[in-house]
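Notes to accompany the following structure.
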Amino acid sequence: MRVTATFMTIATLASVALLGGCSGEKTGNPTPTSAPPSTGLPSAGAPAVVDPITNTAAVESDPCSAIPTAELETIAGKVKRSRSEDMTAGKGCTWVFEVSPNTLNAGLVTGNKDGLSALYAQKAAGSLTTFKPVYQIAGYPAVIYANGGEGKGNCTLAVGVRNDLVYNVIPRLSSEHPSYSDPCGLAVKVASAAIKNLKGA
């Protein structure tokens, strides 16, 4: 799949593939822990982000800065190269690993102004084939999702960093990668590292 497809508008964002069964995450139906703000978010049953990250400008403009290469390598393996790419819904960073073909794409989806609520609305409309809430990734709610195309080595994880903003992590792994059997577990680890860095920015 082309990397540029990973940051599409939220109406088609869920069309990327993911692995249906992942290990190591706490799943369930997280509920809002604070009243919805005046913006009307969260909605559609999405959980509220109780500690929103507002200082996101640096990572919005330079998505690769969310995780230093050395830190990412301790999580996902040796990186061959990385690049920042302009997507239709924000900038994303693509890391290409030494063991090929294995990539990881991540970034803030600034084109989605409804955050996790957009995914919960899609789930309510029946337009997602996989919808798996994952909560408390470094204290932030998240969802593993897809709209068809689920497959081994693939995962799409969206973490709500604010009620109106998500951080997506999308590994695409071959059988040679150690996390091939659990790409969502890898996505959770990457997201956790990115969020901690975002909070420290």
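Over the stretch 64-107, the reciprocal of the mean inverse Cα-Cα separation, the Kirkwood hydrodynamic radius, stands at 10.6 Å. Going by the alpha-carbon gyration tensor, a ≥ b ≥ c the square roots of its eigenvalues, is the stretch 126-201 rounded (a/c under 1.5) or, if a/c is not under 1.5, prolate (a/b greater than b/c) versus oblate? Verdict is oblate for the stretch 126-201.
Ignoring lysines fewer than eight residues from LYS78 along the same chain, the ones with Cα atoms less than 17 angstrom from its Cα are LYS189.
In what sequence do ARG83, ARG162 fall when counting other Cβ within 10 Å, fewest first?
With the sparsest Cβ surroundings first, the list reads ARG83, ARG162.
Residue order for CYS184, CYS155, fewest other beta carbons within 10 angstrom first, comes to CYS184, CYS155. By the rule of a C-alpha distance below 13 Å, with chain neighbours fewer than 8 residues away ignored, the aspartates and glutamates paired with LYS152 are GLU176, ASP182. Across the alpha-carbon atoms of the stretch 149-188, the computed radius of gyration and Dmax are 11.4, 37 angstrom. Assuming a ≥ b ≥ c are the square roots of the Cα gyration tensor eigenvalues, decide whether the stretch 51-201 counts as rounded (a/c under 1.5), prolate (otherwise, with a/b larger than b/c) or oblate. Oblate, because a/c is 1.5 or more while a/b does not exceed b/c.
Within a straight-line Cα-Cα reach of under 16 Å, LYS91 can be paired with the following lysines, leaving aside sequence neighbours fewer than 8 residues apart in one chain: LYS113.
Just so you know, all these numbers are worked out from the coordinates, no wet-lab data involved. Predicted, not measured: the structure shown is a model, and the values here were computed from it. With ideal geometry, Cβ positions are generated from the backbone for all residues, glycine too; neighbour counts draw on all protein chains shown.
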